1. Determine the alpha carbon to alpha carbon distance for each of K116/K153; K55/K153; K76/K116; K52/K132 and list only those over 18 Å.
2. Sort 65-75, 113-123 by packing, meaning the average of other beta carbons within 10 Å per residue, with the highest value first.
3. Where Rh denotes the Kirkwood radius from the mean inverse Cα pair distance, what is Rg over Rh for segment 31-175?
Amino acid sequence: MNRTLRIALPVAAAALLIGGAATQSALATSRTTPAAASHAGHASGLSAREAKNTKAALALLDITFNQHDPRKAAEKYISAETYIQHNPHFGNGRDAFIAGATAWVQQNPGTSLDFKRTVTQGDLVVVQGLSKLSAGDRGTVEVDTFRFDRHGKIVEHWDALQPVAETSANGNPQV
């Protein structure tokens, strides 16, 4: 198992309360765009469904936090019937996502999210990125985990956030 999987999945599982171990088939690669994830997913041994889910997770985040259009993102990628939210600041349901994310981007018009890695296994997609409120912001490391239904819609979400520190005892970047 590569270093990224050894670190990313246990952290995501513990922080996001997702049980289960990673397998060799999980994807852990750097991503900067949803299109890159879709193209690279097929070359990395992902199933067609896993590649599609990875692309959808990245597109949801890109449209929401980079294009600042949460309604468009939610209507395309989040299930209208079931959306379980584990972030304590947002309610359950697609409409609650739209309301909360819309308020966020309106209050933080310079917000952006730079994708760093994805890990995909079965119906779960984990996206690690660097979120910034403005160009001068140090940023926050963000790990979003999405669970998809059999129709390719997001039905559950967890996230974990950690501000980027000014100094590091080990000299390694956080993301």
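1. Working: K116/K153 22 Å; K55/K153 12 Å; K76/K116 23 Å; K52/K132 26 Å.
Distance filter (> 18 Å) returns K116/K153; K76/K116; K52/K132.
2. Working: 65-75: 18.1, 113-123: 20.4.
Packing order, densest peptide first, comes out as 113-123, 65-75.
3. On the way: Rg = 15.0 Å, Rh = 15.5 Å.
Value, to two decimals: 0.96.
None of the figures in this text is laboratory data; all of them are computed from the coordinates on show. Not measured: the values here are computed from a predicted model. Every residue, glycine as well, gets a Cβ built from its backbone with ideal geometry; the counts of neighbours run over all protein chains shown.
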